[in-house]
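Presented below is the structure to which this report refers.
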Amino acid sequence: MTKFVRTLVMVVFVGLVSFGITKETEAVQNNYVQAIRTTAVYDVVDGKELQIGTINAKQQFVLSRSDANRFYIKYGNNNAYFDKRNGQVGKKTTNFVQANVMAATNDVVVTKAKTPVYDRTVGSKQVLAVININIRYPVIGKVKDWYQVNVGNRIGYISAQAVTEDKGIPVLMYHHMLPNPELTPFSKNSMVIKVSTFQEQMKYLKANGWRTITLQELDRYLYNEQNLTGRVVAITFDDGNTSTVKYAYPILKANNQKATQFIIGDRVRAQAKPWDEMTFSYVGYKEMRESKDVYDFQSHTFGLHLRDPITSQPYLIKKNYDEILNDTLRGKEHIGAFDGNPNRIQYLAYPWGQFDQEAVSAISEAGIRMAFTTNTGNVKLGDDRYELNRQGIAPSHSMTDFINKLNGTYKGRNIVE
């Protein structure tokens, strides 16, 4: 190779390296977006665009990503977006500490009104953004009367007086209902409530602004991929009793409410047996297809809703890893056959709320993403996704008990199957 050629190769190499470094440097330097004007930021909640808040003109934030029409920044429990025409990307020009350098917490507040986010708590404060009313917002920490929050990966401060501490998301647990259970063999069954009681409870939810969410929404929320409003509740039914379609379904549908059924797989046939309030009966594929506009169907195991006849030990604890794994996979196939989509079965309720770590490992391997106990309490960010609490509803619960369960303040005993 001649001296000229060696020199030319070196120049080209240095040029390419310099070009790469320049592009990488530009990518880092341009990882910020500034609002040209005060602009609304949105997230998709319940399938609809919801305004989460606003960001103020001339304020700069860390850019999470962008697409053809939108910029995305960290806002609340997810990335929120705004129109590209209202922002511009560039180098960091504002001196701020990025929020991702601070340890995250699982504490959440709910805004009581439109809530300004300030850049500091004393002196000449600037408003970085405003969080809309009734938005759940994770907090980083608390400094006297101020909560630290992450807005666009900047540390901001909101007044503690503008928010309430979140008590978690209630996941209600029902089983069976009848018009007059006292006239049936279920008169003393703590899992059988009156239809009129259920109707009153659903009416209360609607009248007081409680939106029913799907378990898919709860799943995304726990993975910090979903913003939610303050009053949200998940409704679940265990076992798949036919009363859920005969009585609960029309009530839920009339109120535009959603619910999840945890189905015992080996009790599902082509259709339910003829209705008889004197005995248990279970939904079949026909009833599942006819009510899927209200219900999502998930797993209560395939054939492990049983106890050892001698020791009374639940099968989910008695059986070994492979048996539980195979049962869970079989349950997904059998329950999911009603609409041909077994991979949609990603959630499970433990029979009698009992399990062990071997069971957790097995259902996780089978593709279950969340599992629910019968332990009393609401669901919060950071909870173990395989040990999620619920709020069991029994005939003994008054309307005051019901409201306390929603608000995470109920102090009574657990209700199990």
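The values are calculated or read from the model by the stated rules, or taken from the named source; none is laboratory data. Since the model is a prediction, treat every value here as computed from it, not as a measurement. Neighbour counts are summed over all protein chains in view; Cβ atoms, including those assigned to glycine, are modelled from backbone coordinates with ideal geometry. Remember, those area values only see protein heavy atoms, side chains included, never the ligands or the DNA or RNA. Shrake-Rupley method; radii C 1.70, N 1.55, O 1.52, S 1.80 Å.
Here are some notes:
- Only a single criterion out of (1) charged (D, E, K, R); (2) open to solvent by 80 Å² or more (accessible area, probe 1.4 Å); (3) modelled with pLDDT under 95 is not satisfied by Arg37, namely (3).
- Where strands (runs of 3 or more DSSP E) fall wholly inside the range 128-168, the ranges with 3 or more residues that are under 24 Å from the mean Cα position of the chain (by Cα) are 136-138, 146-151, 163-165.
- Candidates Ser299, Ser291, filtered to the one that is within 22 Å of Gln354 (Cα to Cα), of a type in the set (Ser, Thr, Tyr) and surrounded by 17 or more Cβ atoms within 10 Å (Cβ to Cβ): Ser299
- Residues within the range 185-207 that are out of contact with any strand residue (DSSP E or B) (no Cβ under 6 Å at 6 or more places or on another chain), open to solvent by less than 60 Å² (accessible area, probe 1.4 Å) and of a type outside the set (A, V, I, L, M), tallied: 5
- Subset of the range 394-406 (residues that are assigned to a helix (DSSP H, G or I) and either surrounded by fewer than 13 Cβ atoms within 10 Å (Cβ to Cβ) or small (Gly, Ala, Ser) (or both)): Met399, Thr400
- All positions within the range 355-392 that are in contact (Cβ under 8 Å) with a residue 40 or more places away in the chain, buried (at least 20 other Cβ atoms within 10 Å of the Cβ) and not hydrophobic (A, V, I, L, M, F, W, C): Thr374, Asn378, Asn389, Arg390, Gln391, Gly392
- Selection over the range 215-257 of residues that are among the β-branched types (Val, Ile, Thr), closer than 29 Å to Phe280 by Cα and either open to solvent by 10 Å² or more (accessible area, probe 1.4 Å) or assigned to a loop (DSSP other than H, G, I, E, B) (or both) gives a count of 3.
- Check on Glu358, more than 19 Å from the chain's Cα centre (by Cα) and either basic (Lys, Arg) or under 26 Å from Thr301 (Cβ atoms) (or both): yes
- Criterion applied to Asp308, Asp322 was being acidic (Asp, Glu) and modelled with pLDDT of 95 or more, and the one residue passing it is Asp322.
- Selection within the range 79-119 - among the basic types (Lys, Arg), modelled with pLDDT of 95 or more and open to solvent by 70 Å² or more (accessible area, probe 1.4 Å): Arg85, Lys112, Lys114
- Restricted to the range 326-349, and to residues there that are farther than 18 Å from Arg385 by Cβ and among the aliphatic types (A, V, I, L, M), the residue that is surrounded by the fewest Cβ atoms within 10 Å (Cβ to Cβ) is Ala337.
- Scope the range 188-206; condition in a strand (DSSP E or B) and more than 16 Å from Met173 (Cβ to Cβ); matching residues: Lys194
- Qualifying residues in the range 234-272 (those that are within 18 Å of Lys194 (Cβ to Cβ) and aromatic (Phe, Trp, Tyr)) - the one nearest to the chain's Cα centre (by Cα): Phe237
- Condition met for Phe338 (in contact with a Gly (Cβ under 8 Å, 6 or more places away or on another chain) and not in a helix (DSSP H, G or I)): no
- Here Trp352 passes the criteria (1) of a type in the set (A, V, I, L, M, F, W, C); (2) open to solvent by less than 50 Å² (accessible area, probe 1.4 Å); (3) in a helix (DSSP H, G or I); (4) over 17 Å from Gln261 (Cα atoms) except the one numbered (4).
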